[in-house]
1. Grab the other residues whose beta carbon is less than 11 angstrom from that of Glu61, score K and R as +1, D and E as -1, and report the net.
2. Using a Förster distance of 45 angstrom, determine the FRET efficiency expected from the C-beta separation of Lys108 and Lys80, and round it to 0.05.
3. Given a Förster radius of 35 Å and the C-beta distance between Lys123 and Lys43 as r, what FRET efficiency does 1/(1 + (r/R0)^6) yield to the nearest 0.05?
Amino acid sequence: AVDAKAKARDSKDKSEVDVGAFTKGLVLRVEGIGPGVTREDVKELLENYGTVDWIDYSRDEADGYVRFGAEGCAVEAVSKLTEKKSELGGKVPEWSLLAGEQEEQYWKDVHAAKQAARVRVQKRKRDANNDRWRKRKAPAKQDTAQETTANGESTAAEDAPKENGANEDAPQVAK
């Protein structure tokens, strides 16, 4: 019981995000995007400031996140985009650099999403393997059609219950 608790604690510790494991200052939050804007539109606007690694945004949503690949790119993008008042979907969105608890929570959410995806993939693989095993090990279905013996007699009649419901082997009870 002690070993099980220790293993559970160790696996819990491994699943938590190490706050120092990510590079700070890579993530922008964007709020107030106009309608009809795609990830590609956002990426096209931001590529001028550095390599865009990931965009957490879905079409027609007003808010999202952009993750750059190198330090300093997000800071430059915020200052230039705010200064230029660049539009996305006919609106001027508000850009901000994630920092502190917001940034830490963002990275925890990213890690949790990755873990959930891994679990889904592992479950799918496990289910697929189990299905293949079941198909290989499944007993052959028996044909219920009447079979005939070498002398032409039907074997189904022997197995069928008597018409009056009586069984020859069962003791007879007087009525």
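1. Counting the neighbours of Glu61, the net charge comes to -2.
2. 0.95
3. Efficiency at R0 = 35 Å is approximately 0.65.
Every read-out reported here was derived from the displayed coordinates using simple, explicitly stated rules and does not represent laboratory data. Bear in mind the structure is a predicted one, so any value in this text is a computation, not a measurement. Cβ atoms come from the backbone with ideal geometry, glycine included; neighbour counts cover every protein chain shown.
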